[in-house]
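Remarks on the structure that follows.
Readers should treat all values here as calculations from the given coordinates under stated rules, not as data from a laboratory. These figures come from a predicted structure and were not determined experimentally. Neighbour counts are summed over all protein chains in view; Cβ atoms, including those assigned to glycine, are modelled from backbone coordinates with ideal geometry.
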Amino acid sequence: MTASNTRSNPTSDTPSASPVTDTPEGQPRARRLGLDSLIAALCVVAVASAGGSLTRLDAWYFALKQPWFKPPDWVFGPAWTTLFFLIAWAAVVGWRVGAAQSPSPRQTMLFLFGFNALANIAWSFLYFFLQRPDWALAEVVVLWGSIVALILHLRRYAPRAALLLVPYLLWVSFAAVLNFEAVRLNS
């Protein structure tokens, strides 16, 4: 280790980061930035795939009475694709900004994103797979709350990441209204 690669504290043997190429962890910045983005993307694809595999648009679904303001079914694919992109982006921004914080909020952020992913999958499971919109209506409150928790957590140290989740919150709010109407109209 060279003198130029150590911090000014003579008792510290932790390498300092070059502002251009290295991180405090000693990894090249480009490699680290790519890895966290890849991991976030893979997690989002896994959640989207799980939710998508549980979503069955079959005779039961098409027999449901729907509110007049429900968008055509083809809208949901592009909407969720956009939302999952924003969710992954928010996770990467939160992860990167959180690395510079002390104590690091990243463990809490990972827990909140993981809980949100499970809540998202659970809603699809209840609504489409079990064909229980009434149970899904109760669960959408948990999903909505998990998004609010993420936004509140991220806004303290990564406000841009929190803002990236606002469309997700709005869409799930709209989905909750659609869910409520489906329960009401089909009771």
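What whole number of Å gives the distance from the Cα centroid of the stretch 150-187 to the Cα centroid of the stretch 114-140?
14
Tell me, what ³J(HN,Hα) does each residue in the stretch 137-151 have, in order and in whole Hz, if you take phi through Karplus 6.51 cos²θ - 1.76 cosθ + 1.60 with θ = phi - 60° and put x for Gly and Pro?
Each residue's phi maps through the Karplus curve to give 5, 5, 6, 5, 5, 5, 4, 4, x, 5, 5, 4, 4, 4, 4 Hz.
Taking the Cα centre as origin and putting +1 on Lys and Arg beta-carbons and -1 on Asp and Glu beta-carbons, what dipole magnitude results for the stretch 25-185, to the nearest 20 debye?
460
Mind giving me the nanometre distance, one decimal, between the label points for residue 108 and residue 185, set 7 Å out from Cα along Cα→Cβ?
4.1
Which one, 74, 64, 109, projects farthest toward the positive side of the charge dipole computed for the stretch 25-185 from Cβ point charges (K/R +1, D/E -1)?
Going by the Cα projections, it comes out as 109.
Can you compute 3J(HN,Hα) from phi for each residue in the stretch 75-85, using the Karplus curve 6.51 cos²θ - 1.76 cosθ + 1.60 with θ = phi - 60°, rounded to whole Hz and x for Gly and Pro?
Coupling constants for the stretch 75-85: 5, 5, x, x, 5, 5, 4, 4, 5, 5, 4 Hz.
For the stretch 57-129, which trypsin sites (Lys or Arg not before Pro) are in a loop by DSSP, counting at most 15 other Cβ atoms within 10 Å?
Filter output for the stretch 57-129: 65.
With r as the distance between the Cβ atoms of residue 41 and residue 174 and R0 = 25 Å, compute the FRET efficiency 1/(1 + (r/R0)^6) and round to 0.05.
0.50
Label residue 160 and residue 59 with points 7 Å out from Cα along Cα→Cβ: what is the distance between them in nm?
Result: 5.2 nm between the two label points.
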